[in-house]
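Read the structure below first, then the notes.
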Amino acid sequence: MKNILIFVLYLIPVIPVLAQEKPETNAIDVNSYLANSSLGQTPTIQSFNKNIDGTFYLFEDWDNYAILYTNRKAVKLRSFNYNLKKELLEIRLSKDSVFSINSSTIDSLSINNRLFKPIKIPGSKAVFSEIIFEQGDVILVKNYQTKIKEAELNLITGRYDFPDKIEKELNYYSSLGNYGNLKQINLRKREILNFFDSKSDFIRHFVKKNDLSYKKELDIKKIFQYYTTIK
């Protein structure tokens, strides 16, 4: 009961998602909402490996603001993070205890004003990908995964000079159709120009005129935005 009460403190009243629906005048009781949905899971003790550098979480700390969109409702949370290894959305209750959220119930989520959606990408175990750009049929998403870089044994001392290290892998996927047509794309000039194909001359001129880089995510977003304006 104590953990449930603590968890409730992390939630702000549920609000409707769809603008065309009539707003609810009375806030939904969070306890009742969780009790009648599959959103919440039992609080668990989080174990931390002290002999490894890095983190399996998307964000370095837990001071994150999130909105989960589920069952046509929006739930606001704080002290929130995304466990990339376990593919779980988690709320931190205490130093060693987290409350896991059933990811399969989430339609999308916003973390610190960054939008994530559950997208199935071939070859990736990640449940959620970050939406970098989406307008009409022009889509660019970023996919996060983790791997462990094992330390090499020092043959002279017979010890490991450094601990194992958790590394985050970032891969971009794009489409000019829908999420089912996403293909991996690297932030390189040749691949970006090939992606836009018949409009590549326009893109090349736009990049040069505005002194943009094919390697910077922010500039790539500008390129995608510009593409949607080309007739």
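Coordinate-derived values only; no laboratory data. Because the structure is a prediction, the values reported are computed rather than measured.
Beyond 21 Å, what percent of the Cα pairs of region 79-218 remain? All intermediate terms of the calculation are to be shown ahead of the outcome.
On the way: 5532 of 9730 pairs.
When all Cα pairs of region 79-218 are counted, 57 percent exceed 21 Å.
Give the lysines whose C-alpha is closer than 22 Å to that of residue 125, dropping any in the same chain fewer than 8 places away, or say none.
85, 86, 117, 142, 147, 149, 165, 168, 183
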